[in-house]
Amino acid sequence: MNKPKTILLINDVVPVLKALSNQLEAKGFKCITVSDGKSGLESALRYHPNLIVMGVILPKMGGLTLLRLLRKDHWGKNVPVIIFTSLDGLESVFKGDAGRKLNYWTFNESRFASAVDSITKKLKHA
């Protein structure tokens, strides 16, 4: 039996964390959830998930700082990351990470199901 792929979800909006986690676990993935950037970085470096889905505005450490520190780590420079945020216009901020495994989505309710599908497809190919 194959070990389920692990997704680290980092977001301070608890209903979003729960909804994503519930849907992804129903599809057979193991989810680790944390609600601040500092815990997110610690969890990423400890558990080495197959994918990280995170917000940008996070307590204790912002998402941009988290991503910068993650990319300094030997393992972290290659882990796929999906930025899932309600903020518009951040695409240019992440252009420096374009050569690495990064996706960026602006979150809204109508895109939630398609985001879950995209996460599922990304992990199947990881």
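Observations on the model:
- Scope segment 62-82; condition more than 20 Å from Pro15 (Cα to Cα) and among the aliphatic types (A, V, I, L, M); matching residues: Leu64, Leu66, Leu67, Leu69, Leu70, Val79, Val81
- Positions within segment 11-39 being farther than 24 Å from Leu64 by Cβ, among the charged types (D, E, K, R) and either touching a helix residue (DSSP H, G or I) at 6+ places or on another chain (Cβ under 6 Å) or part of a helix (DSSP H, G or I) (or both), in sequence order: Lys18, Glu25, Lys27
- Candidates Glu91, Glu42, Glu109 - the one that is acidic (Asp, Glu), under 22 Å from Ser21 (Cβ atoms) and modelled with pLDDT under 90: Glu109
The values are calculated or read from the model by the stated rules, or taken from the named source; none is laboratory data. Values in this document were obtained by computation on a predicted structure and should not be read as measured data. Reconstructed Cβ throughout: ideal geometry from the backbone, glycine too, with neighbour counts over all protein chains shown.
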